[in-house]
Amino acid sequence: MKKLVPLSILVTVALLGITSYFALLVAPTEATMGDVQRIFYYHVSSGWVGMLCFFVNFVASIVYLWKRSPGSDALAAASAEVGVVFTGVLLLLGMLWARPVWGIWWTWDARLTTTLVLWLIYVSYLVLRRFSAGGQTQVLAAAFAVFGFVDVPIVYMSIRWFRTQHPAPVIGGGENSGMAPGIAHVFILTLVAFTLLGAWFVWLRYKLATEEQALESAHAQAALKGVA
Amino acid sequence: MSTLTVTRATLTKDLRMEWRSKDAINSMLFFALLVVVIFSFAFNPTAEESRQIAGGLIWAAFLFATVVALNQTWARELRNQVLDAYRVSPAPANALFLAKTFGNFLFVIVLECLMAPLFVVFYELRSVGPVWQLIVVTLLGTWALVVNGTFFAALSIRTRSREIMLPLILFPISIPALLAMVDATTSILTGEASPDFWIKLLAVYDIVFTLVCLLLFETVLNAE
Amino acid sequence: MTSIMFLKVAYIVAWLIYLGYLARILLRMKAVESERAELERTSARNAAASPLTR
């Protein structure tokens, strides 16, 4: 088990390095957008990891509400934070891609708006965690996480309908439709590399969360001993 | 001790106390009036334009007034340690939640009834679509805000800066409902589209989140 | 700004954010560990000094 840790770090870093090289230099240049399209590899992969993290947060929160194990709460906290980071990168990279290609930084089309709302929901989850006091944080946050995730399909449906009623320019449309084989291969590779990176981040953040939990109980213990 | 009895008892108690002091209703009313007036300075609509934007303005005003009402939902209970007493009693937690939610719902509906003529006057509103649809949207939309709001108000009382916490955690989750309310109201006022999908979405939202609230309220009440 | 500039900025921004976040986690880990060590030291001292453990 111990040997697995540095090995997997090595594999992740190597894979990221290789795929970035491929994404920037080896993959074929896209016909209409030119080289700027290469942002797409990082953009979509980051988004994929973000969504995966939010799903993990949902499952971990339910497990916490059911079992009340500190481990599941730590995982919920970790996955939400990593999810916000990766989704944030998705949004930023999307803006940096949209500007040269479509001339606008942002538009309220269905996909962008849904992503933004999701990001806002999980940021508010983190705010709730940060601002709640003491032992109740875990339960309150877990309950809120259930609300957040249940809202996801409703957000998606409502914004899609809104955009059907009031159409807006669709940016980045068709990026996944009919990918040339050269692009598709690099894309899948980047997806795998980013998933490993995301898993690593969640694991590290999870360790930090459990360490902080241990610290808190150590404080409590010391306070008890100190009274004696 | 049935849920219905406890709900009714708690609700009557709250309504009676509110009727005697009229704290919440007065502050909400004045706040909403101020918002209407300030928005009309900002937008200065003609009768034609006003129908396009009125939906958004009305619901923004109601949303802020709702938050004012929600913030004081649990304040009285906290002050007198009623929540602790409730935890210890055999009364079902959902009864307390339902009572609070119905109470808030009634307050906000009364507020909306008082505000509606003001909006009609200030923005020279006349609805092209049928008014009964507006009523349905208002009822469903208000419940959507109030059910999640009452639950999140219970969450936020245990946080620092609880007054600012409530809107921070309520607004993102309410976005689909707000979108539905605003677009449905605009569709009905202008008569340009059918609000049917929005009404269905609001109904789904209401059912789903009422269930989630009822499932989780007891957990949150007993969190310590 | 040429479009290639956007590409470079995008990759740099992505990596800055990831590495920055990584650094933040690692720094917090260090802080937690040193606080833990500090706690052990003071509680050991207290235990030695306390009449109950004598």
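Looking at (1) more than 17 Å from A:L126 (Cβ to Cβ); (2) touching a Gly at 6+ places or on another chain (Cβ under 9 Å); (3) part of a helix (DSSP H, G or I), which one does A:P28 not meet, given that it meets all the others?
Every listed condition holds for A:P28 apart from (3).
Could you list all residues from segment B:177-210 that are charged (D, E, K, R) and not in a helix (DSSP H, G or I)?
Within segment B:177-210, the subset charged (D, E, K, R) is B:183, B:192, B:196, B:200, B:206.
Across segment B:177-210, the qualifying residue is only B:E192.
Can you tell me which residue among A:V152, A:V85, A:V186 is within 14 Å of chain B (Cβ to nearest Cβ), out of contact with any strand residue (DSSP E or B) (no Cβ under 9 Å at 6 or more places or on another chain) and crowded, with 18+ Cβ neighbours inside 10 Å?
On the way: A:V85 fails: within 14 Å of chain B (Cβ to nearest Cβ); A:V186 fails: within 14 Å of chain B (Cβ to nearest Cβ).
Criteria check complete, one pass: A:V152.
Can you name every residue in segment A:93-148 that is of a type in the set (D, E, K, R), more than 19 Å from A:Y64 (Cα to Cα) and under 18 Å from the mean Cα position of the chain (by Cα)?
The initial filter retains those residues of segment A:93-148 that are of a type in the set (D, E, K, R), namely A:99, A:109, A:111, A:129-130.
Right, trim to more than 19 Å from A:Y64 (Cα to Cα) and you get A:99, A:109, A:111.
The one that is of a type in the set (D, E, K, R), more than 19 Å from A:Y64 (Cα to Cα) and under 18 Å from the mean Cα position of the chain (by Cα): A:R111.
So B:L179 fits all but one of (1) crowded, with 18+ Cβ neighbours inside 10 Å; (2) touching a strand residue (DSSP E or B) at 6+ places or on another chain (Cβ under 9 Å); what number is the exception?
Going through (1) crowded, with 18+ Cβ neighbours inside 10 Å; (2) touching a strand residue (DSSP E or B) at 6+ places or on another chain (Cβ under 9 Å) one by one, B:L179 breaks only (2).
Among the candidates A:L90, A:L140, A:L128, A:L96, which residue alone is more than 9 Å from every other protein chain (Cβ to nearest Cβ), in contact with a helix residue (DSSP H, G or I) (Cβ under 9 Å, 6 or more places away or on another chain) and either within 22 Å of A:E216 (Cα to Cα) or buried (at least 18 other Cβ atoms within 10 Å of the Cβ) (or both)?
Numbers: A:L140 fails: more than 9 Å from every other protein chain (Cβ to nearest Cβ); A:L128 fails: more than 9 Å from every other protein chain (Cβ to nearest Cβ); A:L96 fails: more than 9 Å from every other protein chain (Cβ to nearest Cβ).
Among A:L90, A:L140, A:L128, A:L96, only A:L90 is more than 9 Å from every other protein chain (Cβ to nearest Cβ), in contact with a helix residue (DSSP H, G or I) (Cβ under 9 Å, 6 or more places away or on another chain) and either within 22 Å of A:E216 (Cα to Cα) or buried (at least 18 other Cβ atoms within 10 Å of the Cβ) (or both).
So that you can scan it fast, the table gives a plain yes or no per residue for (1) among the polar types (S, T, N, Q); (2) surrounded by fewer than 20 Cβ atoms within 10 Å (Cβ to Cβ); (3) within 30 Å of A:E216 (Cα to Cα):
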residue: A:G34; (1), (2), (3): no, yes, no
residue: A:Q37; (1), (2), (3): yes, no, no
residue: A:S45; (1), (2), (3): yes, no, no
residue: A:F55; (1), (2), (3): no, yes, yes
residue: A:A60; (1), (2), (3): no, no, yes
residue: A:A78; (1), (2), (3): no, no, yes
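For segment C:11-23, check the following and say yes or no: at least one residue is farther than 30 Å from A:V101 by Cα, more than 9 Å from chain A (Cβ to nearest Cβ), of a type outside the set (S, T, N, Q) and assigned to a helix (DSSP H, G or I). Reasoning before the result, please.
Filtering segment C:11-23 down to residues farther than 30 Å from A:V101 by Cα leaves C:22-23.
Those still in the list that are more than 9 Å from chain A (Cβ to nearest Cβ) too: C:23.
Subset that is of a type outside the set (S, T, N, Q): C:23.
In the following step, the residues that additionally are assigned to a helix (DSSP H, G or I) were identified as C:23.
Within segment C:11-23 (the criterion being farther than 30 Å from A:V101 by Cα, more than 9 Å from chain A (Cβ to nearest Cβ), of a type outside the set (S, T, N, Q) and assigned to a helix (DSSP H, G or I)), the answer is yes, since at least one residue qualifies.
Which of the residues belonging to segment A:100-123 are at pLDDT below 85 and facing another protein chain (nearest Cβ under 9 Å)?
Once the filter is applied, which keeps residues that are at pLDDT below 85 and facing another protein chain (nearest Cβ under 9 Å), segment A:100-123 yields A:P100, A:V101.
Return the total of residues in segment B:188-224 being more than 8 Å from every other protein chain (Cβ to nearest Cβ) and small (G, A, S).
From segment B:188-224, those more than 8 Å from every other protein chain (Cβ to nearest Cβ) are B:188-192, B:194-196, B:199-200, B:202-203, B:206-207, B:210-211, B:213-215, B:217-218, B:221-222; that's our starting set.
Those still in the list that are small (G, A, S) too: B:191, B:194, B:203.
Qualifying residue count for the region: 3.
Kindly indicate whether B:Q52 is under 22 Å from B:L170 (Cα atoms) and touching a residue at least 40 places away in the same chain (Cβ under 8 Å).
Values: under 22 Å from B:L170 (Cα atoms): no; touching a residue at least 40 places away in the same chain (Cβ under 8 Å): yes.
Spelling it out, it is not the case that B:Q52 is under 22 Å from B:L170 (Cα atoms) and touching a residue at least 40 places away in the same chain (Cβ under 8 Å).
Test each condition in (1) under 25 Å from A:V139 (Cα atoms); (2) more than 10 Å from chain A (Cβ to nearest Cβ) for B:F152 and report the one that comes out false.
Every listed condition holds for B:F152 apart from (2).
What are the pairs, 6+ residues apart or on separate chains, where a residue within segment B:158-178 that is over 22 Å from B:T219 (Cα atoms) and at the interface with chain A (Cβ under 7 Å from one of its Cβ atoms) has its Cβ under 6 Å from a residue that is part of a helix (DSSP H, G or I) and among the hydroxyl-bearing types (S, T, Y)?
These pairs meet every condition: B:P172/A:S124; B:P176/A:S158.
Looking at B:A65, is it surrounded by 12 or more Cβ atoms within 10 Å (Cβ to Cβ) and under 21 Å from the mean Cα position of the chain (by Cα)?
Numbers: surrounded by 12 or more Cβ atoms within 10 Å (Cβ to Cβ): yes; under 21 Å from the mean Cα position of the chain (by Cα): yes.
It is true that B:A65 is surrounded by 12 or more Cβ atoms within 10 Å (Cβ to Cβ) and under 21 Å from the mean Cα position of the chain (by Cα).
For segment A:208-220, state whether one or more residues are within 14 Å of chain C (Cβ to nearest Cβ), under 17 Å from the mean Cα position of the chain (by Cα), crowded, with 17+ Cβ neighbours inside 10 Å and not small (G, A, S).
Residues of segment A:208-220 that are within 14 Å of chain C (Cβ to nearest Cβ), as a first pass: A:208-220.
Next cut, under 17 Å from the mean Cα position of the chain (by Cα) only: none.
Within segment A:208-220, none of the residues are within 14 Å of chain C (Cβ to nearest Cβ), under 17 Å from the mean Cα position of the chain (by Cα), crowded, with 17+ Cβ neighbours inside 10 Å and not small (G, A, S).
The values are calculated or read from the model by the stated rules, or taken from the named source; none is laboratory data. For clarity, every value in this text was computed on a predicted model and none was experimentally measured. Positions of Cβ are backbone-derived with ideal geometry, glycine not excepted, and every protein chain shown enters the neighbour counts.
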